[in-house]
Amino acid sequence: MKKGIHPDYHPVVIRDGSTGKEFLTRSTATSSATVTWSDGNEYPLITVDVTSDSHPFYTGVNTIPDVAGRVEKFRRRYAHLEKRND
């Protein structure tokens with residue numbers, strides 16, 4: 001890598017705003033807020049709205065669309081057209 005052209009890449013703590021879970025990772029983002037991690041060091045704290053701890057895809061709370069209900073709704077809506085073709 002070329003020297004002097006890349007942003008500072010340093011350890012930060014990411015906090016999930018909805019669950020409060022914290023992750024220690026590395027990032028180029030900075031923050032004036034800090035937190036003391038379990039290793040005794042102080043790191044910048046970045047609070048985000050959604051992480052893998054609260055996202056429905058990762059938590060298994062994903063909802064499956066009611067396909068059968070959609071088909072029945074379609075058939076009720078267009079039932080008058082089916083009768084003409086008979």
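What follows draws every value from the coordinates through simple rules; no lab data is involved. These figures come from a predicted structure and were not determined experimentally. Cβ atoms come from the backbone with ideal geometry, glycine included; neighbour counts cover every protein chain shown.
Numbers below:
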item: Ratio Rg/Rh [Cα only; Rh per Kirkwood] for the range 1-46; result: 1.06
item: Ordering of 12-25, 31-44, 68-81 by packing [mean C-beta count within 10 Å, highest first]; result: 12-25, 31-44, 68-81
